[in-house]
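Input: a single structure, listed below in structure tokens.
Nothing in this text is a laboratory measurement; each read-out follows from the coordinates by a stated rule. Remember, predicted model here, so these are calculated numbers, not experimental data. A quick note on method: Cβ atoms are made from the backbone with ideal geometry, for glycine too, and the neighbour counts reach across all protein chains shown.
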Amino acid sequence: MSEGTCSQCGQTFSVRSLFDLNGTTYCEPCVQKASREAKERGLLFSYMPLINKSICARCNTYIGSSANAVQIGNLRFCAACGPLIKDWDYPQWLKMSLAALLLLLVVALAHGRKYFHAGREMYIGERLAAKGRYSEALPHLQETLRIAPGSDKAVLLAAKAALLSGDVASAAKALQGHNGGYFEDASKPEFREVDSLWKRASGALEKAEQADKLEQQDGKEIEAARLMHEAATMYPELPALAFAAESFEEGVAFVRKDYDAFLAIAQKQWKEHAIAQTAAGLASALACKFAITGDSTYRQQSEEMLEKARQLAQGSAESMKVLDEFAERNRYRLESRQIISKAEYDRRFRSGKTASK
Amino acid sequence: MFFIPGPVIAALTFPGVIIHEAGHLFFCRLFKLQVFDVCFFRFGNPAGYVIHQQTEDFKAQFFVSMGPFFANTLLCVLFCTAAFLPVWELKVFDPLAYFFYWLGLSIGMHAFPSTTDLSHLWADAPRLAKKGNLLAIVSLPLAAVLVVLNYARVIWADLGYGIAVGVLGPIAIFRALAR
């Protein structure tokens, strides 16, 4: 056991029983007296067991009064620990790890760039959809789907935006791109909403298809128009259905021989949508009016509209084919001033050919 | 609530422990406090520690105690932001994104200062707050919440915090950017 001497009374004690006050060693009774005196003189008066100053405060190695010991504040450290305490450096592996972490962060952000773009587009689309601006939202959501076609949220939002802006094809594409239209959670409100919209839209399209088939049959024009109106009411987001329903009304007016109504509808349709189909419809209505009235102005206008229809159909072989078929019947109507249906014309002049519009 | 031994959690989320202790060490060095011992990671309780000199400087005390909380939270938000969209919103199977998300959550989970760190702040903050020390005024409610959350670690408050930061942080960032 190490021993030491009290600087005041000169007696020898075990190191464990000695104290340090301002660098001087005392025994317990003497240190209390010295501390009181130091306090009265305004000096530092706190003392500590000498043993605390004899061992390294970090590793507990005995340092006694070694000259190599390092004093930091009230604590003493051995020669090995002293410099470490004074400047605790970062270990090399930590420096390298932190550098690697920063590099990983850069890689993570660079890697996430395409997802940031997709996410941003999705949030913009979501916000526009929430404001009811579905057709504006759709391109943003489609951009998201280009990167993440399996995202439930983006797919359902895109399908909703597409259906509510009358774009059933885009909705179908978005839904099919998601596991072939399969969703794990069919109870989600977002899914149920899209499901309901999809059923409404596809129901309307089925009706429209039925109406289209009926319209090609003689005597079914009224039923066809009714069905098309139902489809248009069922799915008002698709204006083409309402347009088609109105167009079917031309057929109804034709059957009823109400050529003024036929002409009025045809003129309205042409005004709203100047396409080959409406031009041909107007040419047909004008030809009917000529057939009834004999007014050559109608004939001239009918021929002009047919020419416009031809110009508008340029580039579309399918439209040109339909137009050529119609032009033949329209010429017959203008020359004979007889108004007959297509089926009747086919029966009379195209026997052996399939009657089709 | 299921029990998973602390060392297992620490092992699974070791980057967070190392970064937390590195944060303590960084602020000790910044405020020139003597460091007596450092353990960046071990299979024990605590999983890491920095033993440093006590100080009367509240600013130093605040940053040494709370520095790792802010650093870990920030890194958690950044890593989770990079990986949030493919993992949560876009549902893209991207292993790299899942790795970054694990890294972010691991770091966020070890953001909380220990109760020992907080006890020093808690002891001095009220007195200094009365004197108008802004840092002390800020640290009072923060420390109070963190003390409660620290005790709630038994019910996975640390993991909950990591997830909250790793989910809500990126959502807030993306919503703001999409404006």
I need the shape label for the range A:222-357. Rule: rounded when a/c is under 1.5, else prolate if a/b > b/c, else oblate, with a, b, c from the alpha carbon gyration tensor.
rounded
Going toward the positive end of the dipole of the range A:113-183, with +1 on Lys and Arg Cβ and -1 on Asp and Glu Cβ, which of A:His140, A:Leu156, A:Ala169 do you reach last?
A:His140
With point charges of +1 on the Cβ of Lys and Arg and -1 on the Cβ of Asp and Glu, referenced to the Cα centre of the protein assembly as shown, which listed residue (B:Phe41, B:Val64, A:Val194) lies farthest in the positive direction of the dipole?
B:Val64
For the range A:213-357, what is the charge dipole size about the Cα centre, in debye to the nearest 20, if Lys and Arg each add +1 at the Cβ and Asp and Glu each add -1 at the Cβ?
480
Under 5 Å from the placed amide H of A:Gln8, counting only residues 5+ away or on other chains, we find A:Cys27
Hey, what do the phi angles of the range A:128-140 turn into as Karplus ³J(HN,Hα) couplings, whole Hz, using 6.51/-1.76/1.60 and θ = phi - 60°, x for Gly and Pro?
5, 5, 5, 8, x, 8, 5, 5, 6, 6, 4, x, 5
Cα long-axis angle, helix A:189-215 against chain A (0 to 90 degrees, to the nearest 10):
10
For the range A:185-255, what mean projected area does the convex hull of the alpha carbons give, in nm²?
4.7
Based on the Cα atoms of the range A:46-185, what semi-axes does the equivalent ellipsoid have, where each is the square root of 5 times one gyration tensor eigenvalue, given in whole Å with the largest first?
70, 15, 13
Please list 3J(HN,Hα) in residue order for the range A:151-159, calculated via the Karplus relation 6.51 cos²θ - 1.76 cosθ + 1.60 where θ = phi - 60°; whole Hz, with x for glycine and proline.
6, 3, 4, 5, 5, 5, 5, 5, 5
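Could you tell me which chymotrypsin sites (Phe, Trp or Tyr not before Pro) in the range A:134-223 are loop residues by DSSP with no more than 15 other beta carbons within 10 angstrom of their beta carbon?
A:Tyr182
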Can you tell me which of A:Val155, A:Val255, A:Val15 moves the most in a GNM of chain A? Springs connect C-alpha atoms under 10 Å apart.
A:Val15
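Could you give the Stokes-Einstein D for the protein assembly as shown in µm² per second, using the C-alpha Kirkwood radius, 20 °C, 1.002 mPa s?
68
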Using amide H atoms built in the peptide plane, which far-off residues or other-chain residues are under 5 Å from A:Ile72 H to H?
A:Phe77
Let me check I have the definition right: for chain B, take the eigenvalues of the Cα gyration tensor, multiply each by 5, take square roots. What are those semi-axes in whole Å, largest first?
29, 20, 15
For the range A:113-183, what relative contact order do you get, as a whole percent, if you take Cα pairs closer than 8 Å and at least 6 residues apart?
28
Name the residue from A:Asn68, B:Val17, B:Trp102 whose Cα lies farthest towards the positive end of the charge dipole of the protein assembly as shown, charges +1 on Cβ of Lys and Arg and -1 on Cβ of Asp and Glu.
A:Asn68
Please report the equivalent ellipsoid semi-axes of the range A:85-142, computed as sqrt(5 x eigenvalue) of the Cα gyration tensor, largest first, in whole Å.
46, 12, 4
Once you charge only the Cβ atoms, +1 for Lys and Arg and -1 for Asp and Glu, what is the size of the charge dipole of the protein assembly as shown about its Cα centre, to the nearest 20 debye?
980
Length-normalised contact order of chain B, Cα under 8 Å, at least 6 apart, in percent, tallies to 22
What is the magnitude of the charge dipole of chain B about its Cα centre, with +1 placed on the Cβ of each Lys and Arg, -1 on the Cβ of each Asp and Glu, and no other charges, expressed in debye to the nearest 20?
360
What are the ³J(HN,Hα) values, in whole Hz, obtained from phi via the Karplus relation 6.51 cos²θ - 1.76 cosθ + 1.60 with θ = phi - 60°, for each residue of the range B:78-91 in sequence order, with x given for Gly and Pro?
5, 5, 5, 5, 5, 10, 4, 4, x, 7, 9, 8, 8, 6
Binning at 10 angstrom from zero up to the longest distance, how are the C-alpha pair distances of the range A:130-209 distributed in percent?
20, 55, 23, 1
What residues qualify as long-range amide H neighbours of A:Thr61, i.e. H under 5 Å apart, gap of 5 or more or another chain, H built at 1.01 Å from N?
A:Cys56
If one compares the long axis through the Cα atoms of helix A:276-293 with the longest principal axis of the Cα atoms of chain A, the angle in degrees, nearest 10, works out at 20
Explain nothing, just the number: relative contact order of chain A, from Cα pairs under 8 Å at least 6 residues apart, as a whole percent.
6
Calculated [θ] (222 nm, deg cm²/dmol) that DSSP helices of n ≥ 4 give over the protein assembly as shown, each run adding -39,500 (n - 2.57)
-22000 deg cm²/dmol
In nm, spacing of pseudo-spin labels at A:Lys188 and B:Ser119 (7 Å Cα→C-beta vector):
4.8
